[in-house]
């Protein structure tokens with residue numbers, strides 16, 4: 001008998017706790033709207049699409065195992081401009097340009113055709129061209 005009363009005494013608070021929680025819980029939120037890839041979207045990679053909305057904002061849509069994900073297009077990364085190494089020089093040699101650059105192991109020299117210059121070599125040549133033109137016009141010996 002004592003055991004039955006003890007069991008009922010322990011169960012009573014648990015029964016009322018469940019009733020109170022049901023009253024306090026808010027209404028369930030409405031289901032989220034499903035994201036769909038617009039028909040005008042252009043495929044840029046497998047499972048990835050680019051779309052420009054009416055406001056001009058570019059969106060990326062990606063098919064995932066969990067549905068379609070939408071996010072704004074990241075801004076393009078700016079290429080860092082490579083600085084010209086100190087002491088790098090360029091001298092015209094016919095249809096080629098001869099470059100020199102000091103290194104810890106001595107001077108590094110190489111030749112490259114004008115049509116095959118890299119961006120760094122082109123900038124060095126543009127910097128050195130007025131100096132070489134002045135040297136040709138004013139020979140001092």
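Ranked by the mean number of other Cβ atoms within 10 Å of their residues, highest first, the peptides 44-55, 119-130 fall in the order 119-130, 44-55.
Taking label positions 7 Å along the Cα-Cβ direction at both residue 93 and residue 77, the computed distance is 3.6 nm, reported to one decimal. Cα extents for the chain along the principal axes, largest to smallest and rounded to whole angstrom: 124, 46, 25.
Relative to the longest principal axis of the Cα atoms of the chain, helix 2-24 runs at roughly 50 degrees. Here the stretch 45-126 is treated as a sphere whose radius is the Kirkwood value from Cα pairs; by Stokes-Einstein at 37 °C and 0.692 mPa s it diffuses with a coefficient of 192 µm²/s.
Between the alpha-carbon centres of the stretch 95-119 and the stretch 25-89 there is a gap of 41 Å. Highest-first packing order for the peptide set 33-42, 57-66, 94-103 is 94-103, 57-66, 33-42, based on the mean count of other beta carbon atoms within 10 Å. Once the Cα atoms are used to define both axes, helix 119-137 deviates from the longest principal axis of the chain by about 20 degrees. In the chain, helical runs assigned H by DSSP with n ≥ 4 each contribute -39500 (n - 2.57); averaged across all residues and rounded to the nearest 500, the mean residue ellipticity at 222 nm is -10500 deg cm²/dmol.
The calculated FRET efficiency for the pair residue 10 and residue 66, based on their C-beta separation and a Förster distance of 35 Å, comes to about 0.20.
Bear in mind that the values in this text are calculations on the coordinates, not laboratory data. These numbers were taken from a predicted model, which means no experiment stands behind them. Neighbour counts run over all protein chains shown; Cβ positions are idealised from the backbone, glycine included.
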